[in-house]
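The values are calculated or read from the model by the stated rules, or taken from the named source; none is laboratory data. Since the structure is predicted, the reported quantities are computational estimates derived from the model, not experimental observations. Neighbour counts are summed over all protein chains in view; Cβ atoms, including those assigned to glycine, are modelled from backbone coordinates with ideal geometry. Protein only, heavy atoms only, side chains kept; ligands, DNA and RNA dropped before computing areas. Shrake-Rupley method; radii C 1.70, N 1.55, O 1.52, S 1.80 Å.
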Amino acid sequence: MKYKVLLAGNSKKLISNFFLQMDFAFECMTSSVLYDDLKNHAQYFNPDIFIYCMRAETRDDLVTIASFHDVLGKNDIPFAAIGDSASLDFASKIPNCVPELSIKLPMSTTDMEDTITRFIKRHKASLSSAANIALAKALNDNANTAFETLAKLDTVFEEASKEPEAKENTERQPEAPDRHRILVVDDATIIHKTIKSYLDTRYEVATAISGKIALRFLNTKEVSLILLDYEMPEMNGPAVLEELRKDPYLATIPVVFLTGINDVEKIKSALALKPQGYLLKPVDRDSLLEKIRELVD
């Protein structure tokens, strides 16, 4: 069974390790460090744990995480942080930003996976114990009829014994009926934040920091449009587009390149791949919205 992990933070390397080296244990999703983005991901993804991957965080970032900690607590989602001793110490000085699980780097990927898995299991066991207390209370209640008592016990027992099951199929999670999902693929998190600020009121914006992570995301979620960085390490935009074209479903999704290149020949090469358009960085808000309206709305 895979546990669902929501990831955020500035450590791109660490986030990539979750997707590429711990994918047998975890189903992962990334989020920007924007409060509304974090809150929406917690609501729709319903993770088993939230993990903050730390690297040179600002105080404003940690204050946002501290506010999000309240949302996690209300939904029984534990908060974990991974970073070096200085980063973890910095976070501990922010009110309400102390995680339930702190993982100090350096640590091997295997040990990290094992530590997180054991923590999730203990957390679920504690929730189950709380459910058992509720069950005992139900047993002691003076129900009006035997039928009412049995019905109450059945309900409590069902909730106490629930465990997320691994999906047997690969059906993609659909978009909300009134809110198109747009995937931004870029190795610069500042681009994620900028585009999300432009689109957040009208669209659901998902983000990926590499082509490989984007392709994994697209195997599980439906999207209406992909905003794809042309220049990325390891797997650049054209390579990602080639992979998309191999899948009959993914090939139908409109793709718009995001590029900072001003080399005419490179732009011609990008257009030769026949995307649905391209936008130059820094991305102009009006041009972006106009392109989305043209392709999606």
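Would you pick out the residues in the stretch 174-209 that are free of Cβ contacts under 8 Å to residues at least 40 places away in the same chain and in a loop (DSSP other than H, G, I, E, B)?
Once the filter is applied, which keeps residues that are free of Cβ contacts under 8 Å to residues at least 40 places away in the same chain and in a loop (DSSP other than H, G, I, E, B), the stretch 174-209 yields PRO177, ASP178, THR201, ARG202.
Can you tell me how many residues in the stretch 103-154 are modelled with pLDDT under 55 and not in a helix (DSSP H, G or I)?
Qualifying residue count for the region: 4.
Is at least one residue of the stretch 207-215 more than 16 Å from the chain's Cα centre (by Cα), open to solvent by 10 Å² or more (accessible area, probe 1.4 Å) and not aromatic (Phe, Trp, Tyr)?
So in the stretch 207-215, the residues more than 16 Å from the chain's Cα centre (by Cα) come out as none.
Checked against the condition, which is being more than 16 Å from the chain's Cα centre (by Cα), open to solvent by 10 Å² or more (accessible area, probe 1.4 Å) and not aromatic (Phe, Trp, Tyr), the stretch 207-215 yields no hits at all.
Every residue, every condition in (1) assigned to a loop (DSSP other than H, G, I, E, B); (2) within 14 Å of GLU100 (Cα to Cα); (3) touching a residue at least 12 places away in the same chain (Cβ under 8 Å), yes or no:
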position	(1), (2), (3)
MET29	no, no, yes
ASP37	no, no, yes
ALA42	no, no, yes
ARG55	yes, no, yes
ASP60	no, no, no
VAL63	no, no, yes
ALA66	no, yes, yes
LEU72	no, yes, yes
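Kindly provide the set of residues from the stretch 284-297 that are open to solvent by 80 Å² or more (accessible area, probe 1.4 Å), of a type outside the set (Lys, Arg), closer than 18 Å to LEU183 by Cβ and not in a loop (DSSP other than H, G, I, E, B), ordered by number.
Across the stretch 284-297, the qualifying residue is only GLU294.
Is it the case, given these coordinates, that ASP61 is surrounded by fewer than 23 Cβ atoms within 10 Å (Cβ to Cβ) and more than 18 Å from ILE116 (Cα to Cα)? Reasoning before the result, please.
Values: surrounded by fewer than 23 Cβ atoms within 10 Å (Cβ to Cβ): yes; more than 18 Å from ILE116 (Cα to Cα): yes.
Taking the combined requirement at face value, the residue satisfies it.
For THR201, are the conditions met, namely being under 20 Å from the mean Cα position of the chain (by Cα), hydroxyl-bearing (Ser, Thr, Tyr), modelled with pLDDT under 85 and open to solvent by 80 Å² or more (accessible area, probe 1.4 Å)?
Values: under 20 Å from the mean Cα position of the chain (by Cα): yes; hydroxyl-bearing (Ser, Thr, Tyr): yes; modelled with pLDDT under 85: no; open to solvent by 80 Å² or more (accessible area, probe 1.4 Å): yes.
The answer is no for THR201.
Which of the following residues is at pLDDT below 90 and open to solvent by less than 10 Å² (accessible area, probe 1.4 Å): PHE68, PHE45, PHE24?
On the way: PHE68 fails: at pLDDT below 90; PHE24 fails: open to solvent by less than 10 Å² (accessible area, probe 1.4 Å).
Step by step, each of PHE68, PHE45, PHE24 is checked, and only PHE45 is at pLDDT below 90 and open to solvent by less than 10 Å² (accessible area, probe 1.4 Å).
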